[in-house]
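One structure below.
The values are calculated or read from the model by the stated rules, or taken from the named source; none is laboratory data. Just so it is clear, the structure is predicted and the values come from calculations on it, not from any experiment. For neighbour counting, all protein chains shown are included, and Cβ atoms are generated from backbone atoms with ideal geometry for every residue, glycine included.
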Amino acid sequence: MKPSISTHLLDQPALLIVGVQTPQNRSIDPDSYFQEFRNLVRSDGFETFEEHMIKLRSIDSAYFFTRGKLDEIIGLCKSHTIGKVIISEPLSHQQTRNLTDVLEAEVMDRTELILEIFEKGAQSSEGKLQVAVALLNHKKARVAGKGIHLSQQAGSIGTRGPGETQKEKDLRHLERLISKLDRDLEHLSKVRETQRKKRSLSALPHISIIGYTNAGKSTLLNALTKSSVYAENKLFATLDTTTRELFIDGSKKGTVSDTVGFIQNLPHELIEAFKSTLSDLEYAHMLLQVVDLSDKNWRNHIRVVQGILDELKVSDTPMLYVFNKVDMLNDEERKAFEDQASLYQPHVLISALSKEGLQPLLSYLREWKPS
């Protein structure tokens, strides 16, 4: 693919984003996948950047990119005075270090990009602690993976050099920090458990809204509960779980909560750190999986969400597929989609932006009784 270059701000280091089609992600529509990557970059606060999209047939263990593709990126970095490069895929510590050296620029991979977005977006005490734990675990993995440059041997077989000792000290320090934050999270988890018990005593059902990031979960929560939870058209606009009372026809039907959005290749450190928050899903009587049907990758989004639910061991909870943004389809597209949606049962087609568009979901909830 040919590079597409856009103007960057003169008072900032020039940014180059590199979207990569690999054998692992080749089954996904590349246009939607790269647009998601651009949106991740914008969610991290970057509005203008150079971009370069490439296709790789194989991954180089040392530099990630094969020689020819790497030369293309080196040329772009030199011609546009690039100070920072963001790669759309996860990199090993060695690949990041080698690319930083050869490109003479700061290099960030997909994992670090998402972690940085979460760090900026966390608002609650629990959310900030969870992100801090994820960042420390990621740093710990990077320190543990560092090689010879941190392990300067003393020169004889069997002796330990000062670099190796420093590495061990760094790991112990990170482990102490993680343990302290884990204890703080455990305290907050007990508070959350007390809140759950109070909800369960009310004998009213609890519904959790889940789904791919930016599918419209917060917008749906606001529409269902007439609340004003922060909602914006960007990835990971909200990270903290919000619970509201649900009324239908003037009668209290139960409680409904929003959760952090999922995404492909969500860093494992984040899944681990957010498990205490996501454990709310275990206690839900029903999951509403919101799906953005206007996105070409909606089937893959469902697979991603299902994979994370499997990891969290909550895949047996009853689920309603809520296909959102139906207002963005014309009649012909809607009819074609309804045939495809029949594979996902039960389901409703809605638009969370209007009272009329919400009616199919309200009708379902009106008749729904938890098993």
So is SER156 hydroxyl-bearing (Ser, Thr, Tyr), more than 30 Å from ILE82 (Cβ to Cβ) and at pLDDT 80 or above or not? no
Can you list residue pairs whose Cβ atoms sit under 6 Å apart, with the first residue in the stretch 63-88 being at positive phi and the second being polar (S, T, N, Q)? Count only pairs 6 or more apart in sequence or on different chains. PHE64/GLN95
Could we say that LYS325 is on the phi > 0 side of the Ramachandran plot and at pLDDT 85 or above here? yes
Scanning the stretch 240-269 for residues that are in a loop (DSSP other than H, G, I, E, B) and of a type in the set (Asp, Glu) gives ASP240, ASP249
Of all the residues that make up the stretch 191-223, how many are modelled with pLDDT of 80 or more and assigned to a helix (DSSP H, G or I)? 7
